[in-house]
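Reading through the structure tokens given below for one structure.
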Amino acid sequence: MLSKLLTLVRKELLDAARDKRSVMAGLYYAIGTPLVMCALFMVLIAQLASPEDLDIKISNADRAPDLVRYLGNQGINHSDSEDAAKIRLVISQDYPQQMAKAKSAQVTIIADNSDEKLQTSIRRLQAQLQAYSSEMGSLRLVARGIDPRVVRSLQINLEDQATPDSKGGMILGIAIFTMIYSVFISGMNLAIDTSAGERERNSLALLLSHPLSTRQLVLSKIIAVTLFAMLGLVLILLVSKLAYTLVPWQELGFSISISPQFMALMLAIGLPVALMAASMQLFVSFMAKTFKEAQSYLTMVLFVPLALSMAASYNIAPDALQWLPVSGQQQALMAFIKGREIPMLQLLVSSLATLALALALALGMERSLKSEKVIFGL
């Protein structure tokens, strides 16, 4: 039985190797995603490290020269250009009189807050105006011989115990999401081709006419797709390890490093996920009647692990989801990279649930392939 199984796996891998473009289409995700993410992080860090000057239109600027000078020191300048007019700061006519009387002077921000491109600039302007208001309030108290600290009933201190590595865990959590998802993407084309594709080419019925069991056929296809899924995981780990070292994380006060220990844990945790992904993709593909129909079904099915992984990444998942496949494994990986204790019971339960789901799908596939409707796509 073992020799037949190995022969079938070899046959599946050879068939996949002949269609190099289809195979590489699944692996491009594993290779390209870390590079794209690193490029985006570099642009983001550059913007956060040295924000560009913001040009706005200030009406009645002569009524509040100190405020205009303060904003200019913060990189917010008056301009009469068309782009600057998208954000207007209107200073009231009675601004000098109100300030002289130590009363609240009115300034108005006029902008389209529904414009996503302006939202960051609007928040930046609001923050600087609030800072100027706090500074002027403290000066008014000092002028009256009052210590500004008397209005602060609480002095709040924060002792941040996070290490540079644990701070980087928030970013690496997004990377873990892409790594787990690569398991589902890398073997998807092979899963479709070796199921719905073989049926369209009439090679599935010919294959079942040979002296082999349906179980051997199912296991060979699951193993072949799992190997490609794990290949995608290995590639994305290797590319990420090299690419993430090029990003200047130190400018944000933390570090990102993909250690060999993390890579080993990722591969160990990813294997059950790869088996489940292969079984799920093959099961859905065999249920479809055509190649294109299988592609459509799998696109919709992949939203389930995507949602579970995103919920775990952004910590919006209920506690129950931490025991489920994909989200449970991702929570364990995030605990590891943040230097916390790995929840072994949670990881064990989620991994066993993953393997149980893979087994159930494999048995369902084996049973379905005994039906002529599935084999011939009737």
Note to self: Please verify whether I223 is among the hydrophobic types (A, V, I, L, M, F, W, C), outside any helix (DSSP H, G or I) and surrounded by fewer than 24 Cβ atoms within 10 Å (Cβ to Cβ), treating the condition exactly as stated.
What the structure shows: no
Exercise. For L308, state whether it is part of a helix (DSSP H, G or I) and modelled with pLDDT of 90 or more.
Key: no
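Conditions (1) under 16 Å from I58 (Cα atoms); (2) in contact with a Phe, Trp or Tyr (Cβ under 7 Å, 6 or more places away or on another chain), marked per residue:
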position: R88; (1), (2): yes, no
position: D94; (1), (2): yes, no
position: A105; (1), (2): yes, yes
position: T108; (1), (2): yes, no
position: E116; (1), (2): no, no
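Just one of Q128, Q161 is open to solvent by 30 Å² or more (accessible area, probe 1.4 Å), at pLDDT 85 or above, over 30 Å from T226 (Cα atoms) and not charged (D, E, K, R); which is it?
Values: Q161 fails: at pLDDT 85 or above.
When all the criteria are applied, what remains is Q128.
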Per the filter on region 89-125, residues more than 21 Å from G75 (Cα to Cα), of a type in the set (S, T, Y) and loosely packed, with under 14 Cβ neighbours inside 10 Å are S104, S114
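Within region 335-345, how many residues turn out to be open to solvent by 20 Å² or more (accessible area, probe 1.4 Å) and in a helix (DSSP H, G or I)? Walk me through it before giving the result.
Pass one, region 335-345, residues open to solvent by 20 Å² or more (accessible area, probe 1.4 Å): 336-345.
From what's left, in a helix (DSSP H, G or I): 336-337, 344-345.
Total satisfying the criteria: 4.
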Residue set G232, G270; condition of a type in the set (G, A, S), within 22 Å of K338 (Cβ to Cβ) and surrounded by 22 or more Cβ atoms within 10 Å (Cβ to Cβ); output residue G270
Residue pairs within 7 Å by beta carbon, gap of at least six or interchain, first lying in region 60-73 and in contact (Cβ under 8 Å) with a residue 60 or more places away in the chain and in the same structural domain as A85 (by TED's automatic domain parsing), second part of a helix (DSSP H, G or I) and surrounded by fewer than 19 Cβ atoms within 10 Å (Cβ to Cβ), listed first then second, are L67/Y132; Y70/Y132; L71/Q128
Taking region 315-333 and keeping residues part of a helix (DSSP H, G or I), within 15 Å of the chain's Cα centre (by Cα) and either modelled with pLDDT under 80 or hydroxyl-bearing (S, T, Y) (or both) leaves S327
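Regarding S259, is this residue open to solvent by 10 Å² or more (accessible area, probe 1.4 Å), of a type in the set (G, A, S) and over 15 Å from Y181 (Cα atoms)? Outline the logic, then answer.
Details: open to solvent by 10 Å² or more (accessible area, probe 1.4 Å): yes; of a type in the set (G, A, S): yes; over 15 Å from Y181 (Cα atoms): yes.
The answer is yes for S259.
The values are calculated or read from the model by the stated rules, or taken from the named source; none is laboratory data. All of these numbers come straight from a predicted model, not from anything done at the bench. Methodologically, a virtual Cβ is constructed for each residue, glycine included, from the backbone with ideal geometry; neighbour enumeration extends over all protein chains shown. Surface accessibility is based on the protein's heavy atoms, side chains included, excluding ligands, DNA and RNA. Shrake-Rupley method; radii C 1.70, N 1.55, O 1.52, S 1.80 Å.
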